[in-house]
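In what follows, a single structure is set out as structure tokens and then discussed.
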Amino acid sequence: MLKGTFPVEKFKQLSTPFYYYDVKLLQDTLDVVKTESGKYGYHVHYAVKANANPRILSIIAANGLGADCVSGGEVQAALDAGFPADKIVFAGVGKADWEINLGLDNDIFCFNVESAVELGIINELAAAKNKVASIALRINPEVDAHTHAKITTGMKENKFGINLSQLGGVLDKLKEMKNVKLIGIHSHIGSQITDMSSFRNLVIRFNEIQEELEAHGVTVENLNFGGGLGIDYYHPNHLSIPAFDNYFAAIHKLLQVRPGQQVHFEPGRSIVAQCGTLISKVLYVKEGETKKFAILDAGFTELIRPAMYDAYHRIENISSDEAVETYDVVGPICESSDVFGKDVELNKAHRGDLIALRSAGAYGEVMASQYNCRHLPKAYYSDTI
Ligand code: LLP
């Protein structure tokens, strides 16, 4: 079984569980993102929600990317990490007044507005500060992302964005507002999208929406396609950088860009997922009646994706090369859903073996919780360990 390469001897000195980040892989991924988006002059805003670890954020900021935020806390984290305010976009279906004010005070690039009511509030809050807020309308494009229902966002039944049928009304309302300026349109249809036809359908829908806007006498400077590009959870060792070339090329091929228009993206998972690994230790190997359990010292408090989305993460025993056996790999949390994988093939496991849960750089550390009064996991980096 081909496994990842890890500094196992160094890991033995550290207390588990912890996140380990391969900084070189992150940099290599960023280099590909910059090269491939650069071919078309596209702007990339990293989706902070995928991983807001300050070191990771500062590496991404130093590479010149913008930031896509969904809360005031994320806007602040992005500013603290060195993302320039004029490269910060702020989406979110429920922005509180203080969060909007934080964006206004810092003159962020754009608020991605999700409803007519929100538009009215931003207009009011901006007026109180004698400012004009730049906004993009987040449109719910009714495009199926063909991904897990819990990470689908662009369908009528989802809470996100302005419905297509309501767009005309919002455009009329906008004309009366003095303290918001429409600079773009935005959509994000979901996450872990591996079917390129979903992105193609989104571009086709954008082309149609642009025509509708023009029928209302509106042209926008910015088109933002959100994030969503999926990664290969099954092959982290040889497909460690997603196919950004195909992704940007697919968009470029179909998109009708108006003169002077800028195109934006908000990838999260595709940038950080593969560089992160959750390292854990086997506490017990328990022989059940029908099953053998490898009980780890990490649980869904450190990595919730399997419990929450039935997500697959590749699991490797990085301490053992003995013959493979079949285990249910579980955590210590007092809930039956605290299972990382059923019938997992692992090199024979012993108490104390180190276990790597791969592709955990996105929506891993950032979704950790203190349930069961557990401690939040620490993080270590390949260049400083
Ligand atoms: N832009 C917006 C407005 C978003 O809501 C998201 C993700 C992104 C960009 C970045 O999407 P990405 O490129 O990472 O797919 N916790 C879930 C994923 C939730 C995604 C939420 N929004 C998981 O672990 O699969």
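The values are calculated or read from the model by the stated rules, or taken from the named source; none is laboratory data. Fair warning: this is a prediction, and the values are worked out from it, not measured in the lab. Glycine also receives a Cβ, built like all others from the backbone with ideal geometry; neighbour counts cover every protein chain displayed. Calculation scope for accessible area: heavy atoms of the full protein, side chains included, ligands and nucleic acids excluded. Shrake-Rupley method; radii C 1.70, N 1.55, O 1.52, S 1.80 Å.
Assorted remarks:
- Estimated [θ] at 222 nm from DSSP helical runs (n ≥ 4, -39500 (n - 2.57)) normalised by residues in the chain, nearest 500: -8500 deg cm²/dmol
- Under 5 Å from the amide H of Gly66 lie the amide H atoms of Val44, His45, Tyr46, each residue being 5 or more positions distant or on a separate chain, with H modelled from the backbone and absent for Pro and chain starts.
- Kirkwood-based Rg to Rh ratio, the stretch 192-283, C-alpha trace: 1.13
- Backbone geometry of the stretch 139-154 corresponds, through the Karplus equation with coefficients 6.51, -1.76 and 1.60 at θ = phi - 60°, to 3J(HN,Hα) couplings of 9, 8, x, 6, 10, 6, 8, 6, 9, 4, 4, 6, 10, 9, 10, x Hz, x marking Gly and Pro.
- Placing pseudo-labels 7 Å out from each Cα toward the beta carbon at Asn130 and His148 gives an inter-label distance of 5.0 nm.
- By the Stokes-Einstein formula, at 0.890 mPa s and 25 °C, the stretch 226-385 with its Kirkwood radius over alpha-carbon pairs has D equal to 141 µm²/s.
- For the stretch 367-372, the Karplus equation 6.51 cos²θ - 1.76 cosθ + 1.60, evaluated at θ = phi - 60°, returns couplings of 9, 5, 9, 9, 3, 6 Hz by residue, with Gly and Pro reported as x.
- Once divided by 2.2 N^0.38 Å, the Cα radius of gyration of the chain becomes 1.05.
- Stretched out straight at 0.36 nm per residue, the stretch from Asn158 to Ser336 would grow longer than its current Cα-Cα span by 61.2 nm.
- Summed residue charge, Cβ within 9 Å of Ile162's Cβ, Lys/Arg positive, Asp/Glu negative: 0
- Computed from the alpha carbon positions, the gyration tensor of the stretch 1-96 leads to an equivalent ellipsoid with semi-axes of 28, 19, 11 Å, biggest first.
- The trypsin sites (Lys or Arg not before Pro) of the stretch 38-112 meeting both criteria, a DSSP state outside H, G, I, E and B (loop) and at most 14 other C-beta atoms within 10 angstrom of the site's C-beta, are Lys39.
- By average C-beta atoms within 10 angstrom, highest first, the peptides 190-197, 131-138: 131-138, 190-197
- Taking 21 Å as the limit for the C-alpha separation, the pairs Lys150/Lys181; Lys49/Lys378; Lys12/Lys286; Lys87/Lys131; Lys24/Lys342; Lys95/Lys378 exceed it in the case of Lys150/Lys181; Lys12/Lys286; Lys24/Lys342; Lys95/Lys378.
- For the pair Lys253 and Lys175 in one chain, pulling the backbone fully straight at 0.36 nm per residue adds 24.8 nm over the alpha carbon distance.
- Efficiency of FRET from Cβ geometry, Arg200 and Val285, R₀ 41 Å, rounded to 0.05: 0.30
- Taking the empirical scaling 2.2 N^0.38 Å for compact globular proteins as reference, the stretch 127-259 has a Cα radius of gyration ratio of 1.18.
- The packing ranking of peptides 267-275, 317-325, 140-148, highest mean first, is 267-275, 140-148, 317-325, where packing means the average number of other beta carbon atoms within 10 angstrom of each residue.
- Cα lying deepest toward the dipole's positive end in the chain, options His188, Tyr42, Phe160, charges on Cβ: Tyr42
- Per residue, the stretch 30-77 exposes 32 Å² of accessible surface when a 1.4 Å probe is rolled over the protein heavy atoms with every protein chain present.
- Take the stretch 318-376 with all the other protein chains still there, run a 1.4 Å probe, and you get 48 Å² of accessible area per residue.
- Contact order normalised by residue count of the stretch 22-271, Cα under 8 Å, 6+ apart, percent: 20
- Rolling a 1.4 Å probe over the protein heavy atoms of the stretch 229-385, with every protein chain left in place, gives an accessible area that is 51 percent carbon and sulfur.
- Between amide H atoms placed 1.01 Å from N, distances below 5 Å from Tyr284 occur with Ile295, all of them 5 or more places distant or on a separate chain.
- Separation of alpha-carbon centers, the stretch 236-262 and the stretch 56-127, rounded to whole Å: 24
- Shown in residue order for the stretch 334-344 are the 3J(HN,Hα) couplings computed by the Karplus curve 6.51 cos²θ - 1.76 cosθ + 1.60 at θ = phi - 60°: 7, 8, 5, 6, 7, 10, 8, x, 9, 6, 8 Hz (x for Gly and Pro).
- Sequence ranges 351-358, 114-121, ranked by mean other-Cβ count within 10 angstrom, highest first: 351-358, 114-121
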